[in-house]
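A quick write-up on the structure given underneath.
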Amino acid sequence: MKFDIVKASVAEHPEDTIFYQAYKQLYSGTSQIFRRGNDEQVWKAIYVGMFNDDQGGPYRDSLTRICADLCSRRLPLFILCPNGRTNIRSNRDRWIPNIFPSNRSIPVDIRNQYRSVRQLLGMAIQVTIEDIEAIDISSFAIINKMEENIRKVKDLNECNDDDVKNNCDYLFSSVMTELTFDVVGSTGQTYELIPGGSHIPVTAVNFEDYCMRYRQYRINEFYRQIEFIRQGLYSVVPWAYLTLFTANELEETVCGKGSIDIEMLKHHTEYKDYDESSPHIKQFWSVLSEIFSEEQRKLFLIFIWGRSTLPY
């Protein structure tokens, strides 16, 4: 498979990226192409103008470049999660499917690219409300805090003191004055939770309904995109097999281990004319394990192997 990495390095258009170049060459036969033996490369990577002989390095490098494209703004498929855009709390490096208005169909070419992503990465996504909260802490922190305050207000309203009741009713209504039945999605755009929702105020009576619709919208925000990705995965890996993995196991199987295991590297290193006891070999391992940061180890791994993670 040919890749123009010069064009990809500029990537003025999504079609210039390594991912899109792979997608156009692979999509029509991906179900069969990805069903290879364990020791077979899915493709031979040929970098235009570089006259390389792919013995594994260019192939792994092309995979790294594809993953970099997917987690970037060069393609319209994924966006950085809200935590990442606001630079708060955990999971700031997570990318989520791009958001398309629910009243508009997703372009066919985009659907097929999502299917290719799933076929390429072989990654199952099971979305829960906890997953969504984990990547958009600020939005859910607000609504969770409001629910907590409203519960306290309702508890106070159950007392027999009329003054307390009046104060609580005033507090409740003042909190709600800015809220209507709409939601700010992951892209920062506002969507109505019900027809005409932007003109329907949230009140004490309908607040629980608002919270239910809010969470329902967020968990289904990109369900269509995920469904296209899932279709691509199931065309390569039977669904029943995926149920044998936990989410973390599947992530490691696809992406490799998050940290560089130096002992694993040592175990799989072959020496020629030297051995592990040679002074400069000892010094090499000492630098790699004691001086290099995790990021530097990943750069070293890319240099020698073409990938930033070790296999599962």
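The values are calculated or read from the model by the stated rules, or taken from the named source; none is laboratory data. Keep in mind it's a predicted model, so treat the numbers as computed, not measured. Cβ placement follows ideal geometry from the backbone for every residue including glycine, while neighbour counts extend to all protein chains displayed.
Quick notes
- Inspection of the range 258-271 identifies at least one residue that is of a type in the set (Lys, Arg), surrounded by 10 or more Cβ atoms within 10 Å (Cβ to Cβ) and farther than 16 Å from Thr64 by Cα.
- Candidates Ser235, Ser198 - the one that is over 19 Å from the mean Cα position of the chain (by Cα) and modelled with pLDDT under 85: Ser235
- Cβ-Cβ under 7 Å pairs, at least 6 apart or on other chains, the range 1-17 side within 23 Å of Gly56 (Cα to Cα), far side among the acidic types (Asp, Glu): Lys7/Asp16; Ala8/Asp16; Thr17/Asp69
- The range 86-107, subset free of Cβ contacts under 8 Å to residues at least 40 places away in the same chain and not small (Gly, Ala, Ser), residue farthest from Phe303 (Cα to Cα): Asn103
- The set of residues in the range 223-257 that are in a helix (DSSP H, G or I), among the β-branched types (Val, Ile, Thr) and surrounded by fewer than 14 Cβ atoms within 10 Å (Cβ to Cβ) contains only Thr253.
- Answer from Ala134, Ala141 - the residue that is in a helix (DSSP H, G or I), modelled with pLDDT of 70 or more and of a type in the set (Gly, Ala, Ser): Ala141
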